[in-house]
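What follows is a set of notes on a single structure, which appears directly below.
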Amino acid sequence: MKKKNNPFFTVYACLVYIFLYLPIAVVIAFSFNTSKMNIVFEGFTFDWYLSMWSNTLLMDAFKNTIIVAAISTLLATILGTLCAVGLNRFEFKLKGFISASLYIPIVIPELVFAIAMLILFSSMDITMNMATLIISHVTFSMPFVVITVRSRIAGHDPSIEEAARDLGANEIRTFFRVTLPMIAPGVLSGAMLALTLSLDDVVVSFFTAGVDSQILPLRILSMVKKGISPDVNALSTLMIIGSVLLLVGTTVVQGRLEKQEEA
Amino acid sequence: MNGDKDVIVRLVDVEKEFDGVKVVKKLNLEVRRGEFLTLLGPSGCGKTTTLRMIAGFSDATTGAIELEGKDVANLKPNERDVNTVFQNYALFPHMNVEDNIAFGLVEKKVPKKEIKERVSEMIKLVQLEGLEKRKPAQMSGGQKQRVAIARALINRPKVLLLDEPLGALDLKLRKQMQLELKHLQQKLGITFIYVTHDQEEALTMSDRIAVMNDGVMEQIGTPDEVYNHPRTKFVASFVGESNILESYVEEVRGDLLRISLESGKAVLHAPGFKKEEMIYICVRPENLQLAQAPIEHFSIRGRVIEHIFAGSVIKTVVELVNGQRLRVARHPGEEDLEVGTYVYVFWNPKKAIIVHTVEEQIYNVIEGNLNRMYEEFAEKYSVADKEA
Amino acid sequence: MGKKKRLSLAPLTMIGPTTLWLILFLMVPLALVIGISFLTRNGYGGVTMIPSLEAYKALLSKEYVKVFISSFELSILTTIICLVVGYPFAYVIANSSEKVKPFLVLLLMLPFWINSMIRIYGWNTILRSSGIVNNVLLSLGVIRMPLELLYTDGAVLLGMVYDLLPFTVLPIYTSIEKLDPSLLEAASDLGAGKLHKFVRVILPLTMPGVFAGSIQTFIPSLGLFYIADMMGGAKTMYIGNLIKNQFMSARNWPMGAALAIVLIVITLVLMKLYTRVGSLEDMV
C-alpha cells in the first residue's frame, strides 16, 4: 500500500514525539549535572551515579519497586495464563460471568480500585506492607494477562493439542510440552504488560504501600516539596535505560518465538 | 456374515447427539483386524464424528464402542491404543520433524536409544531422510503429511485413524499418497480406518467401504460390492457416476422384466420382482450404449446435447424425451454422433442395477438368496438367453 | 474438542485460583466500598455500623458540586486536547511505511514504561520558577521575572495531557489501521478530494477508535490526583484529590466511598454509551 506523508504532518509528529520525550530527556540530562539544584546545567559529572547508592531512602524504595514488580508480574502471569488457557478450552456455566468480571479492573478508575483495596485491608485490620502492595498489583494486572494470552490462543488450531492427547500425553503433560511453548509469545506479551503496569503505577501504590514498603514514585512525590537531589535523576536514568533494554530484549525474543509459529 | 474374522473395533448401537440433533444414528459397525476400512460420505454424514468417537475426543450419546472386545467409554484419548492422523496434520510447530515423530514414544518413556532407532526407521519408511531437523513451518504439505503419518504409526497402534488426510494436497500428490498409504498399510498390517468424501479415493484404497449418509451407514462392502451392487439410491449415486431411472414393471418373464419408463421401454435382468412394482434402476455411464436405430426391446429415445472430453473417455450427454439427462461413457474410437442427433439408449440387461431404500435392505438379503436360486433356474431353462 | 462433560480437575485448577483471587480481592472490596458509603463516619477514621445517607447528602452541597464541576472541566478539556493532538498523530503513524510503523508505535509506548512520577517530575523541573523554561526566557531577555508556570491550572492540564496522550492515540491508531484501503480508493475514485475524504469516510469509520480513546482518557483523568498535586500544588480540589483526602487526612470514609461510587457510576454510564459504538476488546 502506497502511503506517503505530507511533510507538514511528519514535522508535526516529530514535535509530538519531542513533547513526549522532553521531560525524560531533562531527567537524564540533569543526572549528569554537577550542581545539586536542578536549575542550571553547570558541569558534567558521574558523581550522582556513585552517591545514589548511599542514599538509603532512595535505595530502599528502589529495591521495593523491583521486588514488587517482579513478584506481582510472576504471579499475575501464572494465574492469568492458566486462566486464559482454561477459558479458551472449557465451556461451563459461569464462564460468561468470569470473563466479564475480568474486565472490571480494566474499566474502573484506578482510584476506585485503590481505595477498595484500602478498605479491604483496613477492615481486616491489616496494616499496609509489601504483601498488600503486591496483592493489589497482581489484581489489576492479571486481567490484562488473561486478555493478552487469550487473544493469542484464539487463533490456534485445537487439533494440535488433540494430537498430543492422541499420542499419549495426559492433560498436564500436554500443557507443558505443547500448549505452553505454543502460546509463549502471548505469555511473554502478557508478562511485559503486567510488568509495565506495576512499574508505572502510582495511584494504587499510594494507598496500598505501607510506611516501610515505600516505592520509588511515592518517594519522589514526598521529596518534591523539599527539593530533589540529582541522585534521583541518576536512579531514574538507570531505570529508564533498564526499561528500554527490557523492552528491546523482549521484542527481539518475541520476534524469534513468533517465527516458529508460522506453521 | 463376518463371524469368523477377527473384529478389532466394534460399534454397538452408537448414537451421537449435538444440541438435540442426531449426527450419528444407531450405528453398528465391525472393523476387522488388519483391514483398510473407509468411512465414505458427504460432509455432515457423521463419518468424522464417528472417527472422533473411536479416538476418544467425543463421547457417544448412547451405545458402546469396543476396542478388542473391551469397552473404551472410560478411556481418555491418551489411554487408548489408537492413533490419529489429523486433517490439517496438527504438527507441533515448535518441534522439528524428529521430535514430532518421537512425541508418543517420549510419553511412553521409551529409552532414548530405542527412540532414536525407531525414529530413523520411521523416517526411512515415509521417505523423509534429510529433513529430520526441519520445523513444520519450512515444509510442504506432502512432507508434513508424512510426518503426521510417521508420528502416529511409530507408536504401533492397534488401529490408525485417518481423518481426510489427503484433502489439502494437489491431485497428483494425492494419487501418489493414496498408493503409498495403501502399500504402507499392507506392509505393516495395521488396521486403518480412513475417512473421506472422495469416492474414487475410497475405491482405490479400501478393503471395505462403509457408505454413510445423514448419520446412517447405508451399505458396507468391498469396493466391487459397493460399486456394482449398490443397495440404495444414495450409494448408487454417490459411489461412481450413475444414471438413475425411475420405472414400472410391466411384465415379468422368468428373470426378465419388461419395464416402462417415462421416456420409453426397456428390459432388465432381475429375478424376484413382481408386476406393477415401482423400482429405481441405476446404470453406470460405461454400461450405457447408443444406437441410431431402435434395438429390440428398448425404445428409450433421446437427443445428443453435448460431448464432454475427459481424457480417455468421452462423456456424451443425452437428453431423453422427458427432460432427464443421461451420461454415456464412450471411447474416442466409436462413431461420431453430432450434437442434435436422435439416438436410442440401451444396455445389457444384466448390467443394470436395481436400488431400493434402506428399509428394503431386508428384502435385499432375502433377494440375494433368491438370486442364486433363479440363476440356477435360468441355467436350467435358458429362458433369459433366448429373450435377450 | 476436548470439552468433557465430567467435572475433571483441569478446569478447576486452571480457572479456580484466578476466580478465587478475583472474588477476594476485587468483588469483596468493591462490595465493601458500596457498603461503607452508606454508613456513618467514625471520628477516629473508619466507620461505625450505623446506616446513613449522610455521605450522599453531603455530596450535594455547594463545595462538592464545585469540585465536580472543576474536575469535569479539567477532564473534558484534557480529553479534547488529547483528541485534537492525538488524532493527527495517530494518522501519521498509521500512514508510515510498514517498516517504520512498529518502531514508531514502540517509541510511543516507551515513555509508558518509565514511571509516570519520574516523567511528571521532569516537567516539574522544566516549569518551576527556577526551571529550564524560565531560565531560557530570562537569559534571552524575553521576561524580567520568572513566570509562575508551575502550580497553575495550565500546568495541571499539561501534566494530564502528557500522561494520557498515549491512551488516546492507541485506539485511534488501531481503528485507522483497520480501515479498508479499498474504501478510500473508492472515495477517491468517486471524486472526493482529500478533505472530503477525511470528513465523510475516514472520520466516521474511525469513530469507534475515537470513542475508545476518549473514554480511556476521560475516566482515568478523574482519578489522577498526584498530577494535580505535583503540577498544581494542590491549589484546586479535584475529585481525585478529594477522594484521597477523605481517606488520608479528613478521615471521612463514607464520604470517600460515596465519591468513589459516583466515579463508578459515571464510568458505567460512559461504558454503556461506548458499547453502543465499539467493543470492549478494542480497549486493551
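Data for the structure
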read-out	value
Cross-chain or 6+ apart pairs with Cβ under 6 Å, segment B:262-290 first and modelled with pLDDT of 85 or more, then part of a strand (DSSP E or B) and among the small types (G, A, S)	B:P285/B:A329; B:E286/B:A329
Residue ID - nearest to A:P7 (Cα to Cα), chosen from residues in segment C:47-60 that are within 14 Å of chain A (Cβ to nearest Cβ) and surrounded by 12 or more Cβ atoms within 10 Å (Cβ to Cβ)	C:A55
Strands (runs of 3 or more DSSP E) within segment B:1-92 that include 3 or more residues of a type outside the set (V, I, T) and touching a strand residue (DSSP E or B) at 6+ places or on another chain (Cβ under 8 Å)	B:7-18, B:21-32, B:36-40, B:62-67
Checking C:L20 against (1) more than 10 Å from chain A (Cβ to nearest Cβ); (2) at pLDDT 85 or above, the condition it does not meet	(1)
Lone unmet requirement of (1) at pLDDT 85 or above; (2) within 30 Å of A:I126 (Cβ to Cβ); (3) facing chain C (nearest Cβ under 9 Å) for A:A191	(3)
Residue tally, condition buried (at least 18 other Cβ atoms within 10 Å of the Cβ), in contact with a Phe, Trp or Tyr (Cβ under 8 Å, 6 or more places away or on another chain) and over 20 Å from B:G221 (Cβ atoms), over segment B:239-251	3
Subset tally (residues that are at pLDDT below 75, part of a loop (DSSP other than H, G, I, E, B) and surrounded by fewer than 16 Cβ atoms within 10 Å (Cβ to Cβ)) for segment C:174-202	2
Inter-residue pairs, beta-carbon under 6 Å, first in contact (Cβ under 8 Å) with a residue 40 or more places away in the chain and in segment A:130-154, second not acidic (D, E) and not in a helix (DSSP H, G or I), 6+ apart	A:L133/A:A209; A:I147/C:V284
Of all residues in segment C:61-120 being assigned to a helix (DSSP H, G or I) and basic (K, R), the one that is nearest to the other protein chains (Cβ to nearest Cβ)	C:R119
Filtered residues of segment A:159-179 (kept if among the hydrophobic types (A, V, I, L, M, F, W, C) and within 34 Å of the chain's Cα centre (by Cα))	A:I160, A:A164, A:I172, A:F175, A:F176, A:V178
Extreme residue, farthest from C:T125 (Cα to Cα), among residues of segment C:232-249 that are surrounded by fewer than 22 Cβ atoms within 10 Å (Cβ to Cβ) and of a type in the set (G, A, S)	C:S249
Tally of residues being more than 21 Å from C:V28 (Cα to Cα) and either more than 7 Å from chain C (Cβ to nearest Cβ) or in contact with a His (Cβ under 7 Å, 6 or more places away or on another chain) (or both) across segment A:87-107	2
Test result for C:M14, closer than 24 Å to A:A154 by Cα, modelled with pLDDT of 65 or more and at the interface with another protein chain (Cβ under 7 Å from one of its Cβ atoms)	yes
Filter result for A:A114 (in contact with a strand residue (DSSP E or B) (Cβ under 9 Å, 6 or more places away or on another chain), of a type in the set (A, V, I, L, M, F, W, C), surrounded by 23 or more Cβ atoms within 10 Å (Cβ to Cβ) and more than 7 Å from chain C (Cβ to nearest Cβ))	no
So B:Q324, is it at pLDDT below 90, out of contact with any Cys (no Cβ under 8 Å at 6 or more places or on another chain) and within 30 Å of B:V216 (Cβ to Cβ)	yes
Identity of the residue in segment B:258-294, basic (K, R) and in contact with a Ser or Thr (Cβ under 7 Å, 6 or more places away or on another chain), that ends up surrounded by the fewest Cβ atoms within 10 Å (Cβ to Cβ)	B:K265
Test: residue in segment B:230-238 that is modelled with pLDDT under 85, buried (at least 21 other Cβ atoms within 10 Å of the Cβ), in contact with a Leu (Cβ under 6 Å, 6 or more places away or on another chain) and of a type outside the set (G, A, S)	no
Top-ranked residue in segment B:330-346 [being surrounded by fewer than 18 Cβ atoms within 10 Å (Cβ to Cβ) and in contact (Cβ under 8 Å) with a residue 24 or more places away in the chain; ranked as nearest to B:L245 (Cα to Cα)]	B:Y342
Segment C:75-101 residues that are buried (at least 16 other Cβ atoms within 10 Å of the Cβ) and at pLDDT 90 or above, paired with ones that are of a type outside the set (D, E, K, R) and not in a helix (DSSP H, G or I) (beta carbon under 7 Å, 6 or more apart)	C:S75/C:L222
Test: C:I227 is under 16 Å from C:F167 (Cβ atoms), crowded, with 24+ Cβ neighbours inside 10 Å and modelled with pLDDT of 85 or more	yes
Answer from B:N88, B:N74 - the residue that is among the polar types (S, T, N, Q) and touching a residue at least 24 places away in the same chain (Cβ under 8 Å)	B:N88
Tabulated pairs, segment A:83-109, first buried (at least 20 other Cβ atoms within 10 Å of the Cβ), second outside any helix (DSSP H, G or I), C-beta under 6 angstrom, 6+ apart or interchain	A:P109/C:L222; A:P109/C:G223
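Results for (1) more than 8 Å from chain A (Cβ to nearest Cβ); (2) hydroxyl-bearing (S, T, Y); (3) touching a Lys or Arg at 6+ places or on another chain (Cβ under 8 Å); (4) more than 28 Å from B:H197 (Cα to Cα), shown as yes or no for each residue.
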position: B:R52; (1), (2), (3), (4): yes, no, no, no
position: B:K70; (1), (2), (3), (4): yes, no, no, yes
position: B:Q87; (1), (2), (3), (4): no, no, no, no
position: B:K108; (1), (2), (3), (4): no, no, no, yes
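The values are calculated or read from the model by the stated rules, or taken from the named source; none is laboratory data. Predicted, not measured: the structure shown is a model, and the values here were computed from it. In this analysis, Cβ positions are derived from the backbone assuming ideal geometry, glycine residues included, and neighbour counts consider all displayed protein chains.
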